[in-house]
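Chemist: One structure, as structure tokens, below. Some questions next.
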Amino acid sequence: MDLPDDDLHARLPRSVLSDLGSWTLYQNFRAFTWPWLLRRGIVFWPLAVLAGCTYATWHASGMDAWGDWPGLALRACIASLIAVSAGPLLATLIRHWRLPLVVERALVLLAILFGLWIGVIALDWAGTYHAHLMQAYSGRPMGPNLLGQAVSNFLAATINASLFVLIVAGGGFAAIYYLGEQRRIAQYAAGRQIENLRAERNAADMRLAVLQAQIEPHFLFNTLASVRSLIASEPECAARTIDALAAYLRVALPRIRTTGIEEATLGRQIDLCLGYLEIMNVRTAGRIQIHVDASDEVRSLPFPPLILLTLVENAMTHGIEPKPGPGMIAIIAGTADGFLSVSVEDDGQGLQPGTTPGLGLANVRAQLRDRFGTRARFDIASRAGGGVSARIHIPLTFP
């Protein structure tokens, strides 16, 4: 659920609600907004009317003066409604002016204080009217009837807390809730962002697992087919191919089980590529020269799995194999300005006019986009002196 800053009528998620306010109907909305004010009124207005009627009943039953009840009840109810509504109403009007946050908060607090002052005046107005009524009963004690006694006891039990009740009902608690609202919404937004990143990352891992399931059997089947064809004609070459395949699998199998980026380092990806190139070197009668330039520190850095192997396979398939004679494949890695740069270069036949990137390179771009968004860059271009250079830039700090 998104909560745009300019939407003052959006219902708040439960995780945004405060522990003290989540039980109430009106706290499901931003404080001092029209939906909040209306629902707050549904809670407080009946209570205000009940308080006013109770006050009038206390007087009427105690003095046996039920003829005073309507006038006193009306004034007491109006005073109670003003006390619970004035501050929140003024604060709601101020919030809908869309003022800067600091100014808005200051004016909202002033509105609550002004509303409390108005509430005190209203309650004093009702109390003055009650004092006027009592002049007619000067020297006459309150009656002992049970109803009057019960109401009197109730009021006596609550009168000492009247100031606290006035502050809470007049918007004081709502002001505290309002001041913490932006913090809770910011925490909610941050949590949603983390959840979205985690979901995107899980989806990327799932696509990566599917891609591994597609690529690795294909490579193994081709290698085994090559071994089969070499057994009769070149048994020594077949044996070297099997040895190279065993070395490759020793590196590749742990990577198949752990596909997360935390477990995949550049060093492991380089070792995997070297195992693959050793197999290809046997299959091509040793015509591949392999060069690696990466320090131990750089090799220990996290690096997405499969990407480097895809670039090496692409260099082998489209650069070295079609070219007669020996060929060179180089893996060069370094860091600068907060980015890890990894290049795969070959001196093969180079980019041919009219050719389009294949599925492997499209998967490289997709995985970089899933992992890093616009922070990663992938470039492929012709290399000076012949061949192709494919270069990847990724941030050293992952999201």
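The values are calculated or read from the model by the stated rules, or taken from the named source; none is laboratory data. As the structure is a computational prediction, the values presented were derived from the model and not from experiment. Every residue, glycine among them, receives a Cβ derived from its backbone with ideal geometry; neighbour counts consider all protein chains shown. In case anyone asks, the SASA skips ligands and DNA or RNA and just uses the protein heavy atoms, side chains included. Shrake-Rupley method; radii C 1.70, N 1.55, O 1.52, S 1.80 Å.
Chemist: Test of understanding: among Trp58, Trp69, which residue is open to solvent by 30 Å² or more (accessible area, probe 1.4 Å), among the aromatic types (Phe, Trp, Tyr), under 23 Å from Val120 (Cα atoms) and at pLDDT 90 or above?
Modeler: Trp69
Chemist: Tally up the residues in the stretch 265-274 that are closer than 16 Å to Asn314 by Cα, without any contact (Cβ under 8 Å) to a residue 60 or more places away in the chain and either open to solvent by 10 Å² or more (accessible area, probe 1.4 Å) or among the hydrophobic types (A, V, I, L, M, F, W, C) (or both), please.
Modeler: Qualifying residue count for the region: 3.
Chemist: Further, regarding this structure: Would you check if Leu74 is modelled with pLDDT of 90 or more and under 18 Å from Gly119 (Cβ atoms)?
Modeler: Criteria met by Leu74.
Chemist: Please state which one of Thr335, Thr284, Thr317 is free of Cβ contacts under 8 Å to residues at least 24 places away in the same chain and either under 16 Å from Ile380 (Cβ atoms) or out of contact with any Lys or Arg (no Cβ under 8 Å at 6 or more places or on another chain) (or both).
Modeler: Only one candidate passes the filter, namely Thr317.
Chemist: If you don't mind, another one. Give me the residue from the stretch 181-205 that is exposed (fewer than 14 other Cβ atoms within 10 Å of the Cβ) and in contact with a Ser or Thr (Cβ under 9 Å, 6 or more places away or on another chain) and, out of that set, modelled with the lowest pLDDT.
Modeler: Gly191
Chemist: Being of a type in the set (D, E, K, R) and assigned to a helix (DSSP H, G or I) is the filter; apply it to the stretch 65-115 and report the residue that is farthest from Gly180 (Cα to Cα).
Modeler: Asp68
Chemist: Could you pull out every one of the strands (runs of 3 or more DSSP E) wholly within the stretch 286-378 that has 3 or more residues that are crowded, with 17+ Cβ neighbours inside 10 Å and in contact with a Leu (Cβ under 9 Å, 6 or more places away or on another chain)?
Modeler: Because the criterion is at least 3 residues that are crowded, with 17+ Cβ neighbours inside 10 Å and in contact with a Leu (Cβ under 9 Å, 6 or more places away or on another chain), the strands (runs of 3 or more DSSP E) in the stretch 286-378 that meet it are 327-336, 339-346.
Chemist: So, Ser61, is that one farther than 25 Å from Leu8 by Cβ, part of a helix (DSSP H, G or I) and not aromatic (Phe, Trp, Tyr) or not?
Modeler: Considered against the rule, which asks whether it is farther than 25 Å from Leu8 by Cβ, part of a helix (DSSP H, G or I) and not aromatic (Phe, Trp, Tyr), Ser61 comes out as yes.
Chemist: Could you pull out the residue among Val251, Val165 that is open to solvent by 40 Å² or more (accessible area, probe 1.4 Å), in contact with a Gly (Cβ under 8 Å, 6 or more places away or on another chain), at pLDDT below 70 and part of a helix (DSSP H, G or I)?
Modeler: Val251 is the lone residue from the list that is open to solvent by 40 Å² or more (accessible area, probe 1.4 Å), in contact with a Gly (Cβ under 8 Å, 6 or more places away or on another chain), at pLDDT below 70 and part of a helix (DSSP H, G or I).
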